[in-house]
Amino acid sequence: MKSIIFLFYILLLFNSCSKDLKKETTIKQKSLDLQVREAYLEGMRALEEQDVLYAARKFNEVEILFPQSDLAPKSLLMAAYSYYVQDYYDDCIAELERYLKVYPKHKNKDYAYYLLAISHYEQIVDEKKDLLSILKAKKHFEYILKNYPNTEYSIDASFKIELINDILAAKEMYLGRYYVDKKKWIPAINRFKNVVNDYETTIYIEEALYRLVEVYYLLGLKEESKKYANLLGYNYQSSEWYENSYILFDKKYKKNNLKKIKLQKEKNNNILQKIKSIFN
């Protein structure tokens, strides 16, 4: 009987301790949730006050406190955005790459890729500088167009890709002209062909075609030169570059054209003089 009573008290004691432990755990869990929310709200306030570095620190704190919470991936994105606002692009990119690795199925991935692309895009200086930022920006913008075509980000991504292609085409033209000046014909041809083949929608396509006409003509490859001249004429007949290519094959064309311009100016002057005499 004594043994039964003793066992009963032992069970009662364990049950009491279990309840206390459960209660303590619940209190701690609630306290942790509260800490997470407070850190997030503090980060938002700091961001509004433009204290972006402190904001990023508080957003990172949310993820450290409770990485499984719903606020953790959102906070990581907010930390990235905080760095972006202050032009800390490398820190922003690092946060975004970590977000995509840790939370690959999160609902805001489209925004993460867009911010990643923009962070690389903002580091583009000009076509003569390092191409790394340009190529990475283009890669991420193309990813957005492919995977998120119906989002608001895809519209800007398409526009940015056009600008990037202009930059890349400008670099090819810059190098092509440099090789022409140095009389390095083969590298020059390759650069101009890159523009024709890869960046035909850019503003440099007409000049690139003319440069191919010019280089092949200088090399004595008249048929190859005529091929690109015909291509230029077929697509851009009203272009000044087509007119320049025409002059290469017809030296008299320039003289005749100048005469026409001169006669037209004289005609215009005569008309103006007649109009002037009416008012006199």
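Summary of values
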| item | result |
| --- | --- |
| Whole-percent pair-distance distribution, where bins are 10 Å wide, for the alpha carbons of segment 24-86 | 27, 50, 19, 5, 0 |
| Entries in Lys58/Lys146; Lys58/Lys139; Lys109/Lys171; Lys101/Lys138; Lys160/Lys183 that, when Cα-Cα distance is taken, lie over 23 Å | Lys58/Lys146; Lys58/Lys139; Lys109/Lys171; Lys160/Lys183 |
| Environment charge of Tyr83, counting only residues whose C-beta is closer than 14 Å and scoring Lys/Arg +1, Asp/Glu -1 | -4 |
| Residue order, fewest to most beta carbons within 10 Å, for Ser75, Ser239, Ser225 | Ser239, Ser225, Ser75 |
| Under the Karplus curve 6.51 cos²θ - 1.76 cosθ + 1.60, θ = phi - 60°, whole-Hz ³J(HN,Hα) for segment 38-54, x wherever Gly or Pro sits | 5, 5, 5, 5, 5, x, 5, 5, 5, 5, 5, 8, 6, 8, 5, 5, 5 |
| Per-residue ³J(HN,Hα) for segment 169-183, Karplus 6.51 cos²θ - 1.76 cosθ + 1.60, θ = phi - 60°, Hz, x for Gly and Pro | 5, 4, 5, 4, 5, 4, 5, x, 5, 4, 5, 5, 4, 8, 6 |
| Net lengthening on full extension, Arg45/Glu224 (0.36 nm per residue, minus Cα-Cα) | 57.8 nm |
| Segments 56-64, 44-52 sorted - mean Cβ within 10 Å per residue, highest first | 56-64, 44-52 |
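Rule-based calculations on the coordinates, nothing more; no lab input. These numbers come from a predicted model, not from an experiment. So basically every Cβ, Gly included, is an ideal-geometry build from the backbone, and we count neighbours across all protein chains shown.
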